[in-house]
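Reviewing the structure listed below.
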Amino acid sequence: MNARLQKLESAIRPPQHRKVRQFAIQGPKNLPEGAAEAFLRECGHDLKAEDHNIIRIMVAADRDLPLKDITARCCR
């Protein structure tokens, strides 16, 4: 019974395939929400809402760093 139910559910709802994509930037500590995504788009990255985008923001403890895309160096 359970196997038949799973087959019916998968027929009704096709599985979603979400890509996991990683990005990295350096920037200030108090970066506003959405600013990292906007900056990465300006740098030419294609961030899609249907993907699972992981954005790592590197900050310095003693000073604010300028915005810089470091994806190629950190996320291989």
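Any read-out appearing in this document is the output of simple, stated calculations on the displayed coordinates, not a laboratory observation. Everything numeric here is computed off the predicted structure, so don't read it as measured data. Counting neighbours? That spans all protein chains shown, and the Cβs are built from the backbone with ideal geometry, glycine included.
In nm, to one decimal, how far is the modelled label at Arg4 from the one at Leu65, with both set 7 Å along Cα→Cβ?
Roughly 5.8 nm, to one decimal.
Among Leu5, His17, Leu47, whose Cα projects farthest towards the positive end of the dipole of the chain, with charges put on the beta-carbon of Lys, Arg (+1) and Asp, Glu (-1)?
Of the options given, the answer is Leu5.
Could you work out the relative contact order of the chain? I mean the mean sequence separation of Cα pairs under 8 Å and 6+ apart, divided by the number of residues, in percent. Mind dumping the intermediate values first?
Working: 81 pairs, mean separation 34.4, N = 76.
45 percent.
Between Met58 and Gln16, what's the calculated FRET efficiency when r is the beta-carbon distance and R0 is 30 Å? Round to 0.05.
On the way: r = 31 Å, r/R0 = 1.02.
Working from the Cβ atoms, E equals 0.45.
For the range 5-76, what is the percent of antiparallel DSSP beta bridges, rounded to the nearest 5?
Values: 2 of 9 bridges.
Given both bridge residues lie in the range 5-76, the antiparallel proportion sits at roughly 20 percent.
With θ set to phi - 60°, apply the Karplus curve 6.51 cos²θ - 1.76 cosθ + 1.60 along the range 55-69 and write out the HN-Hα couplings as whole Hz, x wherever there is a Gly or Pro.
Values per residue, Gly and Pro as x: 10, 9, 10, 8, 10, 9, 6, 9, 7, 8, 8, x, 5, 8, 7 Hz.
Starting at the first residue of the range 44-54, write each ³J(HN,Hα) from the Karplus equation 6.51 cos²θ - 1.76 cosθ + 1.60 with θ = phi - 60°, in whole Hz, x for Gly and Pro.
x, 7, 9, 8, 9, 5, 7, 8, 9, 8, 10
Suppose every Lys and Arg Cβ carries +1 and every Asp and Glu Cβ carries -1, with no other charges. What dipole size does the chain come out with about its Cα centre, to the nearest 20 debye? Spell out each step's value before the answer.
Numbers: 14 positive and 10 negative charges, 88 e Å.
About 420 debye.
Quick check on packing: order 53-65, 19-31 by the mean number of other C-beta atoms within 10 Å, highest mean leading.
Details: 53-65: 12.2, 19-31: 15.1.
The densest-packed peptide leads the list: 19-31, 53-65.
Using only the alpha-carbon atoms, how far is helix 2-12 inclined from the longest principal axis of the chain? Give it as 0 to 90 degrees, nearest 10.
The answer is roughly 60 degrees.
Over 10 Å intervals from 0, what percent of Cα-Cα pairs in the chain sits in each interval?
Distribution as computed: 16, 38, 18, 12, 12, 4, 0 percent.
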